[in-house]
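Notes for the one structure printed next.
No lab work stands behind these numbers, since they all come straight from the coordinates. These figures come from a predicted structure and were not determined experimentally. Reconstructed Cβ throughout: ideal geometry from the backbone, glycine too, with neighbour counts over all protein chains shown.
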Amino acid sequence: MTLSLRYYGWEDVPYYADKHDDETVPGEVVAIMVDQDVSLQAAWRIHSELSQYVVAEKLGTTRSAVSQWESVDSTPQKKNREKMAALYGCRPEQLML
């Protein structure tokens, strides 16, 4: 007997592909994110072996601002993602998956 997903109260959700569908994050970065329970931005920084203080100095901001960007609920502005990506050696899209 085959049951439809609607039987379980699920509904179809449309999916629309976009240009970032092929973005990936290295396994090492994902492992840091999971093992240390940090955001993706923080995982990239840790992977790059940089402190928040050093990132702040290099990007011309404060350690507090870097900490805010690394908050799990944060969505850093595009210009800040671009600066972080250049520093971490990744693409800005890889900071926002």
| remark: Being surrounded by fewer than 16 Cβ atoms within 10 Å (Cβ to Cβ) and among the polar types (S, T, N, Q) narrows Gln36, Gln41 down to just Gln36
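Please go through the stretch 23-38 and give me each residue that is β-branched (Val, Ile, Thr), assigned to a helix (DSSP H, G or I) and either under 16 Å from Glu49 (Cβ atoms) or touching a residue at least 12 places away in the same chain (Cβ under 8 Å) (or both), ordered by number. Before the answer, list the steps.
Step one: filter the stretch 23-38 for residues β-branched (Val, Ile, Thr), giving 24-25, 29-30, 32, 34, 38.
Remaining after also requiring assigned to a helix (DSSP H, G or I): 29-30, 32, 34.
Result: Val29, Val30, Ile32.
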| So which residues in the stretch 39-65 are in a loop (DSSP other than H, G, I, E, B) and out of contact with any Phe, Trp or Tyr (no Cβ under 6 Å at 6 or more places or on another chain)? | Ser39, Glu49, Leu50, Ser51, Gly60, Thr61, Thr62
